[in-house]
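Where a number appears in this text, it was derived from the coordinates with a stated rule and is not lab data. Remember, predicted model here, so these are calculated numbers, not experimental data. Glycine gets a Cβ as well: all are built from the backbone with ideal geometry, and neighbour counts include every protein chain shown.
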Amino acid sequence: MTKDLYKILGVGRKASDIEIKKAYRKLARKYHPDLNPGDKNAEKKFKEIQEAHEVLSNSKKKRQYDQFGFVGNSPPGGTQQQYSYGGFEGFNFSNSGSASFQDIFKNMFSGSFQQQQKQGPEKGEDLYYTMKVGFMDAINGIQTRIKLSRKVACSVCRGKGYIQSGGKRVCPVCGGSGQTNVQAGAMRFSTTCRACKGSGNETGEECSYCHGMGLLQNTELIKVRIPAGINNGSKVRIAGKGNAGRNGGPTGDLFITIEVDSNNFFRREGSNIYIKLPITVPEATLGAKIEVPTVYGVSTIKIPPGTKSGQKFRLREKGAPKVGRKKKGDQYVEVNIVPPPFNDERIRELMREIERISGENPREKIRIQGNG
């Protein structure tokens, strides 16, 4: 069974050269025989890591491995049965005598081989990024920059992966048709010529700058505009800032998921903002005009006489902006009555006087209902 070299290094099949090298160094340090004396399993693991890195760090070996699942003239193990791949007879494909036609077909057209059929322009992959934004920055909106690593078209070969020398020449493998034949026993298939990628012309020499990939990893600062009123979990799309496309295909997009920090005083739900505001007993009893903080500064609300704790008041258009609209949400103010200092004797005397004058028992109705 062929080993999965990507799995050995713990990277994905789309991993960049830098990611492959980083993974190799990390694992090599971990399983190096000098750091694991006498550990046979570590020694075996170290050899597998070296073998995987040797293939995946070599652009030609990596391409063959991605296409066929092995490196060299024949796959490891099993009885070899040679299939003719128009112009690529040097490659052998292993197949045991008991393998079914389904196995052969699957082996021929699975994985990276299928990807070879897509030789037209391909859109680049979209990229995804998570960005933390302060509470007030989400309210007011900001313009900032983020550092992003993405694939861009090679400037030397202009994303083609090869350098064309002289004029166009007919592909010697397919004779200019762009198609080659695949023979598997009695079955015969026509497929895209891998030598010219279906163009019918010689591709030229492999670009040494990008090693034939057509793309290079590049880190750059991206301008990002966060609109006023953006909410937690919202996404911002920046067109054309994903990975570059292949064979002249369009560039992918960048999608930024916004994480908004919480605030110790303001609480936001959608476009509405909520706060809890303490008021005194006299303010609640007699009524008052009090100042209220908002995300836009200080406003004033009128507290009517007899206001109870937990009562809510609305300030129109003092909430968060609604993205893409001129209208704003509202702010809701929940008041909580704070009792006066209990250790002041004069205040205690006044409270007794109030209690005597009012003669009110706020639990009277509860007692009556309970007895009823």
What distance in nm separates the simple spin-label points at Ile301 and Ser190, each placed 7 Å from Cα in the Cβ direction?
7.7
5 angstrom amide H check on Ile303, placed H, neighbours 5+ away
Ala288, Lys289, Ile290
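Which FRET efficiency value, to the nearest 0.05, do you get for Gln50 and Lys123 by plugging their Cβ-Cβ distance into 1/(1 + (r/R0)^6) with R0 = 41 Å? Write out the running numbers ahead of the final one.
Details: r = 36 Å, r/R0 = 0.89.
With R0 = 41 Å, the Cβ-Cβ based efficiency is 0.65.
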Would you please name the chymotrypsin sites (Phe, Trp or Tyr not before Pro) within segment 284-372 that are DSSP coil residues with at most 16 other C-beta atoms within 10 Å of their C-beta?
Tyr296, Phe342
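Segment 297-372: which trypsin sites (Lys or Arg not before Pro) are DSSP loop and have at most 13 other beta-carbon atoms within 10 angstrom?
Details: sites: Lys302, Lys308, Lys312, Arg314, Arg316, Lys318, Lys322, Arg325, Lys326, Lys327, Lys328, Arg346, Arg348, Arg352, Arg356, Arg363, Lys365, Arg367; in loops: Lys308, Arg316, Lys318, Lys322, Arg325, Lys326, Lys327, Arg363.
Those that pass, being in a loop and sparsely packed, are Lys308, Arg316, Arg325, Lys326, Lys327, Arg363.
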Residues with amide H under 5 Å from that of Val260, placed H, sequence gap 5 or more
Val133, Asn232, Gly233
Nonlocal amide H pairs with Gly229, under 5 Å, H built at 1.01 Å:
Ile139, Asn140, Gly141
Return the distance in nm (one decimal) between the two label points of a simple spin-label model at Arg363 and Arg13, each offset 7 Å from Cα along Cα→Cβ.
7.3
